[in-house]
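Report on the following structure.
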């Protein structure tokens with residue numbers, strides 16, 4: 001298991017007329033979370049792409065518990081619970097300034113060869129960096 | 001059961017550098033779909049709000065099958081499969097110009113009193129308009 | 001001079017907590033306007049790109065007069081006032097349902113070779129299609 | 001004169017298929033810049049709103065010099081060059097990681113009473129905090 005946290009301040013442009021963050025904008029927060037998690041593994045998503053690997057999202061499931069308001073600082077907690085195969089699943093908890101859970105999500109992506117558009121194994125250096133967090137006793 | 005279809009042309013600003021619609025932007029298409037569905041029931045979401053009812057999203061689940069590209073015309077097929085209670089669930093199929101299913105989703109919202117922020121029954125005129133499509137034999 | 005009109009219904013996700021369309025979202029409406037204008041010339045922007053031409057925006061100026069509200073149908077009026085050179089300038093008027101001017105803008109783009117990233121002449125078929133609207137007597 | 005700097009990492013969802021930040025997304029960066037500037041004056045925009053003051057944008061002018069790419073860290077430099085009246089004008093420079101100017105902008109907003117929707121003087125505490133930076137010799 002590997003967990004990563006990063007904060008973001010809510011932009012005015014992310015709210016809608018209900019006065020809260022628009023439900024579709026959280027997808028960007030999840031994206032920020034997984035980008036940071038793999039950066040902590042010493043890999044950038046930017047690098048993956050220039051090495052011919054794309055990571056399209058194939059599944060997203062969100063449960064919204066509370067709203068987030070303009071100017072609030074939210075915490076994006078991203079978790080990897082198992083070693084990725086061709087698929088990688090990130091689990092998310094978004095917390096507000098009081099530490100309350102405002103929503104939780106699961107986002108699944110596929111390592112894809114950008115030429116053949118076929119699923120591929122994750123890059124070796126990512127697997128190597130993740131291994132210690134998922135080692136079997 | 002009640003189904004509604006509406007089309008949208010993909011904007012350049014909706015794509016990302018993968019060359020396809022960003023996964024988070026579909027939330028707006030789902031929103032367009034349900035807005036149209038309830039408009040066909042003779043009710044506008046705008047009116048609901050001015051009558052003190054908010055409809056926050058509490059759940060969204062998406063399966064992405066194929067990408068959508070810039071300038072394509074997609075069809076947003078929105079379906080209501082049961083009479084709403086305080087909760088209303090919309091089922092979506094997004095189709096490309098060849099009629100292929102590009103993604104499917106389920107979005108659940110709660111009728112909420114905008115003052116008390118408590119769940120409420122859907123407005124009578126909406127229930128009345130929907131009833132014929134869900135009548136038991 | 002060539003003018004093109006197209007309508008759009010305001011999405012909930014386009015509003016912010018002020019209750020109006022977020023000022024940055026109009027850029028997408030301007031993009032829709034120019035895409036339609038060149039489509040009426042028999043050319044798609046999608047095609048330009050696959051022929052190795054990019055059209056990055058180099059200048060945008062907007063004056064906001066009135067707000068646009070959720071669910072309103074706005075008219076995007078796009079105007080070309082002179083033949084494009086390597087640069088093309090679109091003039092915009094956004095009108096609400098009562099025909100009132102809600103904002104006006106000017107957006108300038110450059111025809112750019114996608115390999116060399118250098119400015120290029122507009123494609124011949126676009127110039128040919130536009131010529132009748134700008135012919136000198 | 002008062003200048004404020006804040007950085008932002010470019011999100012994948014902020015790019016378009018040209019591979020750069022979509023031209024309309026910079027509006028959010030300008031918004032972040034001015035929010036920070038007034039926060040440094042001891043005032044939050046959130047507070048202004050709860051005190052009945054809205055700040056709609058009435059003018060925006062942007063010159064785009066270079067693109068910004070995914071995952072880059074940009075600097076948003078926001079400048080106030082004169083004491084606000086009912087209108088306040090922010091000047092922006094967006095810089096990339098190499099300190100190069102990627103775009104510059106000017107955004108004008110109006111202090112507006114949220115009930116009467118009429119222009120109003122800026123709040124006294126904002127004027128008081130800004131005064132030292134604009135004092136005449």
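Closer than 22 Å to residue D:1 by Cα and touching a strand residue (DSSP E or B) at 6+ places or on another chain (Cβ under 7 Å): does that describe residue D:73?
Values: closer than 22 Å to residue D:1 by Cα: no; touching a strand residue (DSSP E or B) at 6+ places or on another chain (Cβ under 7 Å): yes.
No.
Here are the criteria: (1) within 27 Å of residue C:60 (Cα to Cα); (2) touching a strand residue (DSSP E or B) at 6+ places or on another chain (Cβ under 6 Å). Tell me which single one residue D:114 does not satisfy.
The single condition residue D:114 does not satisfy is (1).
Starting from residues that are closer than 20 Å to residue B:13 by Cβ and assigned to a loop (DSSP other than H, G, I, E, B), keep the ones in the range B:52-72 and report whichever is farthest from the other protein chains (Cβ to nearest Cβ).
That would be B:68.
Condition test on residue D:78, is it surrounded by 22 or more Cβ atoms within 10 Å (Cβ to Cβ), away from chain C (no Cβ under 12 Å), within 28 Å of residue D:134 (Cα to Cα) and in contact with a helix residue (DSSP H, G or I) (Cβ under 8 Å, 6 or more places away or on another chain)? Reasoning before the result, please.
On the way: surrounded by 22 or more Cβ atoms within 10 Å (Cβ to Cβ): yes; away from chain C (no Cβ under 12 Å): yes; within 28 Å of residue D:134 (Cα to Cα): yes; in contact with a helix residue (DSSP H, G or I) (Cβ under 8 Å, 6 or more places away or on another chain): yes.
In short, yes.
Looking only at the range A:3-29, which residues are crowded, with 17+ Cβ neighbours inside 10 Å, part of a strand (DSSP E or B) and more than 9 Å from every other protein chain (Cβ to nearest Cβ)? Full working, then the answer.
So in the range A:3-29, the residues crowded, with 17+ Cβ neighbours inside 10 Å come out as A:4, A:6, A:8, A:10-18, A:20-29.
Narrowing the set further to residues that are part of a strand (DSSP E or B) leaves A:4, A:6, A:8, A:15, A:21.
Passing the criteria: A:4, A:6, A:8, A:21.
Looking at the range A:85-97, can you tell me whether even one residue there is touching a residue at least 40 places away in the same chain (Cβ under 8 Å), under 27 Å from residue B:105 (Cα atoms), within 11 Å of chain B (Cβ to nearest Cβ) and crowded, with 21+ Cβ neighbours inside 10 Å?
No, the range A:85-97 contains no residue that is touching a residue at least 40 places away in the same chain (Cβ under 8 Å), under 27 Å from residue B:105 (Cα atoms), within 11 Å of chain B (Cβ to nearest Cβ) and crowded, with 21+ Cβ neighbours inside 10 Å.
Run residue C:32 past the list (1) more than 8 Å from chain D (Cβ to nearest Cβ); (2) out of contact with any helix residue (DSSP H, G or I) (no Cβ under 7 Å at 6 or more places or on another chain); (3) more than 16 Å from residue C:90 (Cβ to Cβ) and report the number of the one that doesn't hold.
Among (1) more than 8 Å from chain D (Cβ to nearest Cβ); (2) out of contact with any helix residue (DSSP H, G or I) (no Cβ under 7 Å at 6 or more places or on another chain); (3) more than 16 Å from residue C:90 (Cβ to Cβ), the lone unmet condition for residue C:32 is (3).
Return a yes/no flag: does the range D:99-110 have any residue that is surrounded by 14 or more Cβ atoms within 10 Å (Cβ to Cβ) and in a loop (DSSP other than H, G, I, E, B).
No, there is no match, as no residue in the range D:99-110 is surrounded by 14 or more Cβ atoms within 10 Å (Cβ to Cβ) and in a loop (DSSP other than H, G, I, E, B).
Which of the numbered conditions does residue B:39 fail, given that it passes all the others? Conditions: (1) in a helix (DSSP H, G or I); (2) within 14 Å of chain A (Cβ to nearest Cβ).
If we test residue B:39 against (1) in a helix (DSSP H, G or I); (2) within 14 Å of chain A (Cβ to nearest Cβ), just (2) comes out false.
Of the numbered conditions (1) surrounded by fewer than 14 Cβ atoms within 10 Å (Cβ to Cβ); (2) assigned to a strand (DSSP E or B), residue B:132 satisfies every one except a single condition; which is it?
(2)
Every number in this text was worked out from the coordinates using simple rules, so none of it is lab data. Please read these numbers as outputs of a predicted model, since none were measured by experiment. As a convention, Cβ positions derive from the backbone with ideal geometry for all residues, glycine included, and neighbour counts pool all protein chains shown.
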